[in-house]
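Here's the structure, in structure tokens; my notes come after.
The values are calculated or read from the model by the stated rules, or taken from the named source; none is laboratory data. Not measured: the values here are computed from a predicted model. Glycine gets a Cβ as well: all are built from the backbone with ideal geometry, and neighbour counts include every protein chain shown.
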Amino acid sequence: MNHPHVVQPIGCSFESFLAEQGILAAVDAAAVKQVIAWQIASAMREQDLSKSAMATAMPTSRTQLDRLLDPANTGVALHTLFRAAAVLGKRLKVALED
């Protein structure tokens, strides 16, 4: 019995749709990067750590740190993420999942 106010799913999942379009990996990478950039920026605010101080502590350039904090830039090196986490007293976890 269909209720008039209940939306019934039609077709495949959104993830399947993205896979069919050939963009699932890019969307996943962008989503992960947005979360990590937000977490790093939040930790910096909590610790009252400026961009200049963070870059010096990593050590890296302000330009590289800006790339790290840019949610749209998915081309950040893994070692940069690990260094940022260490400066903030955090641990970065990377895992492969089925």
Next item on the list: From (1) within 24 Å of Ala31 (Cβ to Cβ); (2) in contact with a helix residue (DSSP H, G or I) (Cβ under 7 Å, 6 or more places away or on another chain), pick out the condition that doesn't hold for Ser61.
Entry: (1)
Margin query: Being at pLDDT 95 or above and in a helix (DSSP H, G or I): is that true of Ala85 here?
Written below: yes
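Okay, residues lined up against (1) under 11 Å from the mean Cα position of the chain (by Cα); (2) in contact (Cβ under 8 Å) with a residue 24 or more places away in the chain:
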{"position": "Ala30", "(1), (2)": "yes, yes"}
{"position": "Ile40", "(1), (2)": "yes, yes"}
{"position": "Ala43", "(1), (2)": "no, yes"}
{"position": "Phe82", "(1), (2)": "no, no"}
{"position": "Ala86", "(1), (2)": "no, no"}
Item checked: Selection within segment 64-98 - exposed (fewer than 14 other Cβ atoms within 10 Å of the Cβ), of a type in the set (D, E, K, R) and under 18 Å from Ala30 (Cα atoms) -> Asp66, Lys93, Glu97
Note to self: Under 6 Å between Cβ atoms, which residue pairs at least 6 apart in sequence (or on different chains) link something in segment 48-75 that is closer than 13 Å to Ala37 by Cβ with a partner that is outside any helix (DSSP H, G or I) and not aliphatic (A, V, I, L, M)?
What the structure shows: Arg67/Asn73
Notebook entry, point to check: So, in segment 22-56, of the ones that are part of a helix (DSSP H, G or I) and at pLDDT below 65, which residue ends up surrounded by the fewest Cβ atoms within 10 Å (Cβ to Cβ)?
Noted result: Ala25
Next item on the list: Name the single residue, out of those in segment 57-80 being of a type in the set (Ser, Thr, Tyr) and not in a helix (DSSP H, G or I), that is nearest to the chain's Cα centre (by Cα).
Entry: Thr74
